[in-house]
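These notes are about the structure you will find just below.
The values are calculated or read from the model by the stated rules, or taken from the named source; none is laboratory data. Please read these numbers as outputs of a predicted model, since none were measured by experiment. Here the Cβ positions follow ideal geometry from the backbone for every residue, glycine too, while neighbour counts run over all protein chains shown. Accessible surface is based on the protein model in full, side chains and every heavy atom, while ligands, DNA and RNA are left aside. Shrake-Rupley method; radii C 1.70, N 1.55, O 1.52, S 1.80 Å.
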Amino acid sequence: MTRSSILRMTSLTLLCVTTMAAMHTADAQGRFHVRGVSGARGTAVNGGYTTASGGVIHHQGGTIIHGVNGGSYAGHNSYTRNADGSASLSQNGHGATAAGGAYSTSSAYNRSSTGALTGSSQTEGSGPRGTYDAGTTTANGVTTHDTTATNNATGITYDGQTTYTKGQGFTHSGSCTNASGQSVACGQ
């Protein structure tokens, strides 16, 4: 990566973080940070802005990574904690590998002032070796995680679900099928 590319990327990150900072009221106490590193294997820049005002803490941040081999990642996160103890968190990111893989993730969770947690997340990945798709939902003391993964070399797909119920524990089920849709033993 050339020095001019690094400077452009750092400038863009600074602009984004400064814009986030400008959106907050003047009476808020704030903290701004930007970190960057560049070396033989690539460049990474991270920035964020945190404010505190009237018992509310709010943070926004972002990260950009570029590897010299063509891999990359970009992501954003946001967090708010209110004076009553309620909070919200969201994040998203996506990346790519030099070998043709791709990755994306997103989530949004909320906690009420009484501590009840709700939200969901989604993660997807694909590449020469296969695909992965997973989602998690949380509400009313129940968290469910669904996964589907396919091995491109064998054509076998795994489908599984794990559920946690507060006060009751975990349950899990999973099965595998071949490329024709026939049930097969997992782990082949």
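I need the shape label for segment 59-188. Rule: rounded when a/c is under 1.5, else prolate if a/b > b/c, else oblate, with a, b, c from the alpha carbon gyration tensor.
Numbers: a/c = 4.54, a/b = 1.23, b/c = 3.68.
Verdict is oblate for segment 59-188.
Once the Cβ-Cβ distance of residue 183 and residue 132 is raised to the sixth power relative to R0 = 22 Å, the FRET efficiency obtained is 0.60. The phi torsions of segment 138-145, fed into the Karplus equation with coefficients 6.51, -1.76 and 1.60 and a -60° offset, translate into couplings of 9, 6, 6, x, 10, 10, 10, 10 Hz, rounded to whole numbers, with Gly and Pro shown as x. Under 20 Å from a label point 7 Å along Cα→Cβ of residue 145: give me every residue in segment 70-89 with its amide N that close. Residues passing the 20 Å test: 89.
Counting only heavy atoms of the protein chains, get the accessible area per residue of segment 46-172 (1.4 Å probe) and round it to a whole Å² value. Could you put the intermediate results ahead of the total?
Values: 6900 Å² over 127 residues.
For segment 46-172, the per-residue accessible area is 54 Å².
Remark on residue 86: its backbone amide H falls under 5 Å from those of 113, a criterion applied only to residues 5 or more positions apart or on other chains, H modelled at 1.01 Å from N. Rounded to the nearest whole Hz, the Karplus-based 3J(HN,Hα) values (6.51 cos²θ - 1.76 cosθ + 1.60, θ = phi - 60°) of segment 122-129 follow the sequence 9, 9, 9, x, 8, x, x, 8, with x at glycine and proline.
Could you tell me which of rounded, prolate or oblate describes segment 102-168, using a ≥ b ≥ c as the square roots of the eigenvalues of the alpha-carbon gyration tensor, with rounded for a/c under 1.5 and, failing that, prolate when a/b is larger than b/c and oblate otherwise? Taking the square roots of the gyration eigenvalues as a ≥ b ≥ c, segment 102-168 is oblate. Remark: segment 81-94, residue by residue, has Karplus-estimated 3J(HN,Hα) of 10, 8, 4, 7, x, 6, 8, 9, 9, 9, 7, 8, x, 8 Hz, where x stands for each Gly or Pro and the curve is 6.51 cos²θ - 1.76 cosθ + 1.60 at θ = phi - 60°.
Placing 146, 84 in order of accessible area, with the largest value first and a 1.4 Å probe, yields 84, 146.
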